[in-house]
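Chemist: The structure that follows is given in the form of structure tokens.
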Amino acid sequence: MTNNKRFPEGFLWGGAIAANQVEGAYLEDGKGLTNVDLLPTGEKRRGIMEGHITDLKPNPEDFYPSHEAIDFYHNYKEDIALFAEMGFKSFRLSISWARIFPNGDDAAPNEAGLQFYDDLFDELRKHNIEPVVTIAHFDVPVSLIERYNSWESRKLVDLFEKYSITIFERYKDKVKYWMTFNEINMLLHLPFMGAGIVLKEGANRDQVLYQAAHHQLVASAKAVKACHEIIPDAQIGCMLAAGMFYPYTSNPDDVFKAMEKDRESFFFIDVQSRGEYPGYAKRFFKDHNLNIKMEPEDEQILKDNTVDYIGFSYYSSRTTSTDPEVLKNATSGNVFGSVSNPYVSKSEWGWTIDPKGFRITANQLYDRYQKPLFVVENGLGAKDEINADGTITDDYRIDYLKKHLNEMGEAIEDGVDIIGYTSWGPIDIVSASTGEMKKRYGYIYVDRDNEGNGTLSRKKKKSFDWYKNVIATNGEEL
Ligand code: BG6
């Protein structure tokens with residue numbers, strides 16, 4: 001498939017990871033325990049991700065994949081050399097809050113944690129790779145969960161601001177692209193995994209979650225303000241788990257429901273990008289008797305500190321219906337829940353595969369916000385087999401990416417301003433939704449299985465050279 005110079009000069013091709021899914025070394029060099037360190041593999045995981053957890057300690061009988069992950073903490077130089085070999089222009093990573101402030105509110109930051117990211121950024125710069133940094137990719141220090149139930153408390157706003165200022169000051173010469181909360185809308189779906197929130201017996205779920213959302217939105221705006229003041233030449237964005245909802249039929253009830261489902265997610269970005277609560281959110285609060293406590297200054301803080309770009313992940317589109325019969329075939333694989341769409345296929349994990357939906361989503365986001373978009377996650381989670389000669393022929397991954405990049409090119413031709421693309425997990429990492437290693441996204445294979453066995457050695461897959469060529473031709477050869 002050949003294109004005609006669709007991608008702009010300087011397009012930020014690269015890959016994306018999150019601290020807890022790669023680093024390991026979960027208590028090394030002073031790091032504190034986080035919510036994501038309490039997510040085991042197996043059947044218990046889902047309930048805990050949803051906020052049903054009583055004991056905020058690892059259980060010796062369970063296996064916690066984040067504790068060692070792929071040991072990026074000790075291997076990052078070798079891994080970055082491989083990314084550089086692929087020609088990465090950018091690399092998205094997150095800083096672990098608990099490496100910097102192990103308890104979330106320590107008087108002074110942990111120097112060893114700060115130094116780790118300093119060295120990491122130097123390594124990226126050495127290879128001319130632009131770091132793109134997520135300030136919070138799901139993780140919250142457990143100490144803040146024990147004392148405040150995480151983002152349910154206003155306390156977190158100031159603590160997050162202090163954490164953000166600390167890292168802006170430290171890395172101001174090394175990092176020019178920032179993002180506040182990864183997939184901020186995940187809070188509504190997997191509150192413990194996404195934001196460290198424990199849902200206590202009898203709690204009013206919506207009240208707790210929308211109060212927490214307000215705190216995150218104010219914290220995000222304060223981080224935007226601090227970033228603009230401390231690093232005037234930086235750009236700071238938000239990050240949405242995107243993928244639009246289609247109505248199952250043209251029945252206006254289905255169409256309206258699809259709009260409402262989209263708005264559950266847009267709500268966050270509407271505030272972060274337009275600077276105010278949308279009318280439909282106010283109505284939702286009223287209709288559901290929610291009383292969201294806001295401080296008098298919040299309105300202005302949100303108004304004055306909107307994001308510079310819209311970061312988003314796109315894996316799947318979703319489909320919804322008002323017909324109870326249709327709703328019976330909803331898939332469980334997708335975090336957001338979706339009824340089966342007969343026009344598109346699914347991954348082995350039940351995630352809808354819909355390249356055209358990527359183009360639609362990008363257009364939809366650009367129409368709505370008119371700000372540059374940054375695609376900071378996209379990819380296919382699949383099982384890989386090693387051939388007898390040691391090679392890995394991941395044509396299915398190449399096929400998925402090819403089709404999605406082609407649609408991204410179409411979106412750019414539609415006039416959508418997209419500044420970069422970092423595919424998810426350029427090296428195999430721990431899956432967020434299942435904790436598995438066998439759900440692989442990488443161009444680089446990591447020898448580790450679901451139970452934590454393996455040498456952790458790295459090996460290039462067929463997609464490695466394919467992506468290298470995509471970058472070398474600036475997307476002209478897919
Ligand atoms: C996004 C997250 O939801 O999807 C990542 O930001 C996650 O952390 C990615 O890994 C893919 O999901 P999974 O469950 O396949 O790892």
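The values are calculated or read from the model by the stated rules, or taken from the named source; none is laboratory data. Only a predicted model underlies this, so the values are computations on that prediction, with no experimental measurement involved. Neighbour counts run over all protein chains shown; Cβ positions are idealised from the backbone, glycine included.
Chemist: Looking for whichever is over 19 Å from Ala219 (Cβ atoms) and either touching a residue at least 60 places away in the same chain (Cβ under 8 Å) or in contact with a Lys or Arg (Cβ under 9 Å, 6 or more places away or on another chain) (or both) here; the options are Glu161, Glu169, Glu130. Which one fits?
Modeler: Values: Glu161 fails: over 19 Å from Ala219 (Cβ atoms); Glu169 fails: over 19 Å from Ala219 (Cβ atoms).
None of the other options fit; the residue is Glu130.
Chemist: Let me spell it out: the conditions are (1) more than 16 Å from the ligand (Cβ to nearest atom); (2) under 19 Å from Ile70 (Cα atoms); (3) of a type in the set (A, V, I, L, M, F, W, C); (4) surrounded by 18 or more Cβ atoms within 10 Å (Cβ to Cβ), and Leu456 meets all of them except one. Which number is the exception?
Modeler: So the condition that Leu456 fails would be (4).
Chemist: List every residue pair whose Cβ atoms lie under 6 Å apart, where the two residues are 6 or more positions apart in sequence or sit on different chains, the first residue falls within segment 335-358 and is at pLDDT 95 or above, and the second residue, located anywhere, is part of a helix (DSSP H, G or I) and within 16 Å of the ligand (Cβ to nearest atom).
Modeler: Hits for this filter: Pro355/His404; Phe358/His404.
Chemist: Next up: Can you find a residue that is under 22 Å from Arg359 (Cα atoms), basic (Lys, Arg), touching a strand residue (DSSP E or B) at 6+ places or on another chain (Cβ under 9 Å) and within 16 Å of the ligand (Cβ to nearest atom) anywhere in segment 428-449? Give the steps one after another, and end with the answer.
Modeler: Looking only at segment 428-449, we keep the residues that are under 22 Å from Arg359 (Cα atoms), and these are 441.
Still in the list and also basic (Lys, Arg): none.
No, that holds for no residue.
Chemist: Then there is this: Given the structure, is Val326 away from the ligand (no atom under 15 Å from the Cβ) and over 30 Å from Phe7 (Cα atoms)?
Modeler: Numbers: away from the ligand (no atom under 15 Å from the Cβ): yes; over 30 Å from Phe7 (Cα atoms): yes.
The answer is yes for Val326.
Chemist: If I go through segment 413-430 residue by residue, how many of them are surrounded by fewer than 21 Cβ atoms within 10 Å (Cβ to Cβ) and not acidic (Asp, Glu)?
Modeler: Looking only at segment 413-430, we keep the residues that are surrounded by fewer than 21 Cβ atoms within 10 Å (Cβ to Cβ), and these are 413-417, 419.
Still in the running and not acidic (Asp, Glu): 415-416, 419.
Counting residues in segment 413-430 that are surrounded by fewer than 21 Cβ atoms within 10 Å (Cβ to Cβ) and not acidic (Asp, Glu) gives 3.
For (1) touching a residue at least 24 places away in the same chain (Cβ under 8 Å); (2) touching a Leu at 6+ places or on another chain (Cβ under 9 Å); (3) part of a loop (DSSP other than H, G, I, E, B), each residue gets a yes or a no:
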site	(1), (2), (3)
Tyr366	yes, yes, no
Ala388	no, no, yes
Tyr400	yes, yes, no
Lys403	yes, yes, no
Lys438	yes, no, yes
Asn450	yes, no, yes
Lys459	yes, no, no
Asp465	no, no, no
Lys468	yes, no, no
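Chemist: Scan segment 182-201 and tell me whether some residue there is acidic (Asp, Glu), in a helix (DSSP H, G or I), at pLDDT 95 or above and under 21 Å from the mean Cα position of the chain (by Cα).
Modeler: Narrowing segment 182-201 to residues acidic (Asp, Glu): 183, 201.
Still in the list and also in a helix (DSSP H, G or I): none.
Checked against the condition, which is being acidic (Asp, Glu), in a helix (DSSP H, G or I), at pLDDT 95 or above and under 21 Å from the mean Cα position of the chain (by Cα), segment 182-201 yields no hits at all.
Chemist: Anything in segment 356-392 that is in contact with a Phe, Trp or Tyr (Cβ under 8 Å, 6 or more places away or on another chain), within 27 Å of Asp254 (Cα to Cα) and not aliphatic (A, V, I, L, M)? List them, or say none. Don't jump to the end; show me each part of the working.
Modeler: Within segment 356-392, the subset in contact with a Phe, Trp or Tyr (Cβ under 8 Å, 6 or more places away or on another chain) is 357-358, 361-362, 365, 368, 371-382, 384, 386, 392.
With the extra rule that they be within 27 Å of Asp254 (Cα to Cα), the set shrinks to 357-358, 361-362, 365, 368.
Once the filter is applied, which keeps residues that are in contact with a Phe, Trp or Tyr (Cβ under 8 Å, 6 or more places away or on another chain), within 27 Å of Asp254 (Cα to Cα) and not aliphatic (A, V, I, L, M), segment 356-392 yields Gly357, Phe358, Thr361, Arg368.
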